[in-house]
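The values are calculated or read from the model by the stated rules, or taken from the named source; none is laboratory data. Please read all numbers here as calculations on a predicted model, not as lab measurements. Because the Cβ atoms are built from the backbone with ideal geometry, glycine has one as well, and the counts that use them run over all protein chains shown. To get the accessible areas, we keep the full protein, side chains included, count just its heavy atoms, and leave off ligands, DNA and RNA. Shrake-Rupley method; radii C 1.70, N 1.55, O 1.52, S 1.80 Å.
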Amino acid sequence: RTDLTATPLVTIDGETARDFDDAVFAERDGRGYRLLVAIADVSHYVRPGDALDREARERGTSVYFPRRVIPMLPEHLSNGLCSLNPKVERLAMVCEMSITKAGRVAAHKFYPAVMRSAARLTYTQVADVLYKPAGATANSGIDAALIPHLRCLDEVFQSLLNARKQRGAIEFESSETELVFDEDGKIKGIRASVRNDAHRLIEECMLAANVCAATFLEEHDHKLLYRVHAGPTPEKLDNLREFLREFGLGLGGGSKPATKDYARLMESIKDRPDRALMQTVLLRSMQQAMYSPDNEGHFGLAYPAYAHFTSPIRRYPDLVVHRAIKAVLAKERYEPGDWRALGETASMTERRADDASRDVVQWLKCFFMKDKVNEEFDGTISAVTSFGIFVQLETLFVEGLVHISELGSDYFKYDAARHELRGERGLHTYRLSGKVRVRVAHVDMDLARIDFRLAD
């Protein structure tokens, strides 16, 4: 193993993170940069076909709930031996990249290493140092010796971000929420979670390493699980174009639009008051990402080949990619069995975990709302269906249904392409992203469902 214990690699994660998959380090190298992305070497401990491996494959992924995680691996591994905890030696698989000023990966290599994380940093700390006035640096709690390396990481990030724009990758504005609990574990509030440029810095470093993993295995003619994201289906594309025509907008690219066509459209609508509506419709026109041994590229990120390499503690496909890379380095072949079945299972377990997390969050939101029946709130129409409209409350980030029978005495016609319910008499039209005021009518804890009525 390469000895990296003297290299000041650091982990950068959220405040509540307990398992640390990745550590990063950057320094100037000639006119460009040398970027190291060190990933926990889970494959050293979890061997193909053993009991740990069989269980990890069945789980597929860690499942994240508010205040609790169901890990893919036992906590002795996920939070202990494998986790890149600070100031202790850990085994890692490293992707070392030479990156130009323009953000192009000029060269890359993979190797096993032993490392010692110099610090466990948070996104907030790093953002304070890099993106706030100089006074924030002194109070960040970060060792002053690490700050020049963080500034170099930011330079790498800016160059990768520039390459991302040149590539035409789509960048959607995402809004996520987090639940706030009291000391007894009871939910007391819901707030928007803030995403800063330190999140994006780590994301760009991970994206670069993931692309290198796919490229490395392709160059050595070794099978792998790609993370594929196909473009829109013809039906979804037709519906999208019909919707855009209503607003005098168009999507380039004809019958096969490229990612850049989406990116140009996103850029053209960024100052519109209805940009949230446009973004939602554009996002819903795309297909779901999945794992497959067949490379179809990643449409959203505009990568011809992309794999998951950076989270083997919590995702089984990443562990598979690690094993394939190690096999290439040892001049061997890794065969996990039926690659296609493995990709289908990994895709299924990912959706299963997402559904479980969503169900728990929805139940907790219902619990939070059960004493707010008959209260009124302003909301935004988050989805339109043939049976009514879903509304998200603006201050509480809670979603509920206004059934079509509660929309008035008119007969409403559902238009899927326009994402709207239009009254036959033309008095009322309810469209995605429209503003409404609603009253909480009923909270069903058994079904984890909230029903609203229009307030006026």
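Restricting to the chain, what percent of DSSP beta bridges are antiparallel, rounded to 5?
If we restrict to bridges inside the chain, about 90 percent are antiparallel.
Kindly give the semi-axes, whole Å and largest first, of the ellipsoid equivalent to the stretch 1-146, taking each as the square root of 5 times a Cα gyration tensor eigenvalue.
Equivalent-ellipsoid dimensions as semi-axes: 28, 21, 14 Å.
Ignoring everything except DSSP H segments at least 4 long, calculate the 222 nm mean residue ellipticity for the chain; use -39,500 (n - 2.57) per segment, divide by total residues, nearest 500.
-10000 deg cm²/dmol
Label points 7 Å out from Cα along the Cβ direction at residue 296 and residue 246: separation in nm?
My value for the distance between the label points is 2.8 nm.
Which whole-number percent gives the relative contact order of the chain, counting Cα pairs below 8 Å spaced six or more residues apart?
15 percent
Which FRET efficiency, nearest 0.05, do residue 409 and residue 447 yield, Cβ-Cβ r, R0 25 Å?
The formula returns an efficiency of 0.35 here.
Leaving ligands, DNA and RNA out of it, report the carbon-plus-sulfur percent of the accessible area of the stretch 1-151 at a 1.4 Å probe.
After summing per-atom areas, the C and S share lands at 52 percent.
How far apart, in nm, are the 7 Å Cα→Cβ label points at residue 341 and residue 151?
Output for this residue pair reads 5.6 nm.
Residue 275 to residue 177: FRET efficiency via 1/(1 + (r/R0)^6), r the Cβ-Cβ distance, R0 25 Å, to the nearest 0.05?
Between residue 275 and residue 177 the formula returns 0.80.
In square angstrom, what is the accessible area per residue of the chain with a 1.4 angstrom probe?
Result: 49 Å² of accessible area for each residue.
Just for the stretch 1-120, what percent of DSSP beta bridges are antiparallel, to the closest 5?
85 percent
Using only Cα positions of the stretch 173-236, each an equal point scatterer, no hydration layer, compute I(q)/I(0) via Debye at q = 0.13, 0.24 Å⁻¹ and quote the log10 values to two decimals.
Scattering profile of the stretch 173-236, log10 relative to I(0): -0.71, -1.02.
Give, as a single signed number, the net charge of other residues whose beta carbon lies under 11 Å from the beta carbon of residue 70, with Lys and Arg counted +1 and Asp and Glu -1.
Net local charge, residue 70 excluded: +2.
Starting from the Cα-Cα distance between residue 104 and residue 194, subtract it from 0.36 nm times their residue separation and give me the gain in nm to one decimal.
29.5 nm is the gain from fully extending residue 104 to residue 194.
Using a simple charge model, +1 on the beta-carbon of Lys and Arg, -1 on the beta-carbon of Asp and Glu, nothing else, what dipole does the stretch 338-456 show about its Cα centre, in debye to the nearest 20?
Using Cβ point charges on Lys, Arg, Asp and Glu, the stretch 338-456 gives about 260 debye.
Cα-based Rg of the stretch 208-357 per 2.2 N^0.38 Å, rounded to two decimals?
1.23
Once the principal axes of the Cα atoms of the chain are found, what is the range along each, listed largest first in whole angstroms?
73, 56, 51
Once the convex hull of the alpha carbons of the stretch 198-272 is built, what does its volume come to per residue, in cubic angstrom?
Per residue, the Cα convex hull of the stretch 198-272 comes to 137 Å³.
Starting from the Cα of residue 351, step 7 Å toward the Cβ, then list every residue of the stretch 257-288 with an amide N under 14 Å from that point.
287-288
If you roll a 1.4 angstrom probe over the protein chains with everything in place, what fraction of the accessible area of the stretch 237-330 belongs to carbon and sulfur, to the nearest %?
The value for the stretch 237-330 is 49 percent carbon and sulfur by accessible area.
Tell me the angle of helix 275-284 to the major Cα principal axis of the chain, expressed in degrees between 0 and 90 and rounded to the nearest ten.
Approximately 70 degrees, to the nearest 10.
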